[in-house]
Amino acid sequence: MAYHTGDNNDDGQNRRLYNPYQNLQVPIKTLYKLPSSPEFLFHEESLAQRRSWGENLTFYTGIGYLSGSVVGAGKGFIEGVKASEPGDTLKLRINRILNGSGHTGRKFGNRVGVIGLMYAGLESGMVAIRDTDDVINSVVAGLGTGAFYRAAAGLRSAAVAGLLVELLLGLELPRNRR
């Protein structure tokens, strides 16, 4: 067994600490030597200075779900606090707050996550169709996302939602894509 005799511990006793790598003849420092630059399967991928469509999909959907859940949980917390009645016990108040936060957070997270999913798909589709990565892709993806999301509510609602999503998501003008 590989034990290391250490100094006195907090309780004043001298104990041996287990070190699983002590008797191995493996250079543990260099065992997991990882590359410092990104690795690509194809040379063309290394030339593009942007995220792949899968990375965009994961990023926008994840950020959308996370931010929507946090905002929804905050709104549900406020609703749960307002819904408490003067005769409620502490346990019942906490239950109302947790139920409100979980329900509203889940609902908001799903909605904003779907918006992020549509935006990522439209933006990646625009890049594939136009074969260029510029601001126009983000603008069209933002307008299209809002329009698709609210299309069932009518033309006017879809146009307003397209403009709102464009303002929220699409204006990423002077930023590096990677």
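Somewhere in the stretch 126-140, is a residue over 30 Å from Trp53 (Cβ atoms) and open to solvent by 40 Å² or more (accessible area, probe 1.4 Å)? Please lay out each step first, then the result.
We begin by selecting, within the stretch 126-140, every residue over 30 Å from Trp53 (Cβ atoms); these are none.
No, the stretch 126-140 contains no residue that is over 30 Å from Trp53 (Cβ atoms) and open to solvent by 40 Å² or more (accessible area, probe 1.4 Å).
In the set Leu90, Leu117, Leu122, which member is aliphatic (A, V, I, L, M), farther than 19 Å from Val165 by Cα and at pLDDT 90 or above? Write out each step before concluding.
Details: Leu117 fails: farther than 19 Å from Val165 by Cα; Leu122 fails: farther than 19 Å from Val165 by Cα.
Exactly one of Leu90, Leu117, Leu122 is aliphatic (A, V, I, L, M), farther than 19 Å from Val165 by Cα and at pLDDT 90 or above, namely Leu90.
Is there any pair with a first residue in the stretch 49-65 that is open to solvent by less than 80 Å² (accessible area, probe 1.4 Å) and a second that is basic (Lys, Arg) and assigned to a helix (DSSP H, G or I) whose Cβ atoms are under 9 Å apart and which are 6 or more apart or on different chains, and what are they?
Taking only residues 6 or more apart or on different chains, the pairs are Gly64/Arg111.
Looking only at the stretch 93-120, which residues are aliphatic (A, V, I, L, M), in contact with a helix residue (DSSP H, G or I) (Cβ under 8 Å, 6 or more places away or on another chain) and open to solvent by 70 Å² or more (accessible area, probe 1.4 Å)?
Leu98, Leu117
Let me confirm something: among Val70, Val81, which residue is without any contact (Cβ under 8 Å) to a residue 40 or more places away in the chain, surrounded by fewer than 16 Cβ atoms within 10 Å (Cβ to Cβ) and within 21 Å of Ile115 (Cβ to Cβ)? Explain how you work it out, then say what you get.
Working: Val81 fails: within 21 Å of Ile115 (Cβ to Cβ).
Within the list Val70, Val81, the selection yields Val70.
Only residues that are within 18 Å of the chain's Cα centre (by Cα) and of a type in the set (A, V, I, L, M, F, W, C): list them for the stretch 71-121, please.
Selection gives Val71, Ala73, Phe108, Val112, Val114, Ile115, Leu117, Met118, Ala120.
Of the residues that make up the stretch 146-156, is at least one charged (D, E, K, R), more than 30 Å from Arg51 (Cα to Cα), open to solvent by 80 Å² or more (accessible area, probe 1.4 Å) and at pLDDT 85 or above?
Let us first name the residues in the stretch 146-156 that are charged (D, E, K, R), namely 150, 156.
With the extra rule that they be more than 30 Å from Arg51 (Cα to Cα), the set shrinks to 156.
Narrowing further to those that are open to solvent by 80 Å² or more (accessible area, probe 1.4 Å): 156.
Still in the running and at pLDDT 85 or above: none.
No: the stretch 146-156 contains no residue that is charged (D, E, K, R), more than 30 Å from Arg51 (Cα to Cα), open to solvent by 80 Å² or more (accessible area, probe 1.4 Å) and at pLDDT 85 or above.
Considering (1) among the basic types (Lys, Arg); (2) open to solvent by less than 90 Å² (accessible area, probe 1.4 Å); (3) assigned to a helix (DSSP H, G or I), say which one Lys75 fails and leave the rest.
All conditions are met except number (2).
The values are calculated or read from the model by the stated rules, or taken from the named source; none is laboratory data. Keep in mind that what you see is a predicted model, and the values were worked out from it rather than measured. With ideal geometry, Cβ positions are generated from the backbone for all residues, glycine too; neighbour counts draw on all protein chains shown. The area values use the complete protein model at the heavy-atom level, side chains included, leaving out ligands, DNA and RNA. Shrake-Rupley method; radii C 1.70, N 1.55, O 1.52, S 1.80 Å.
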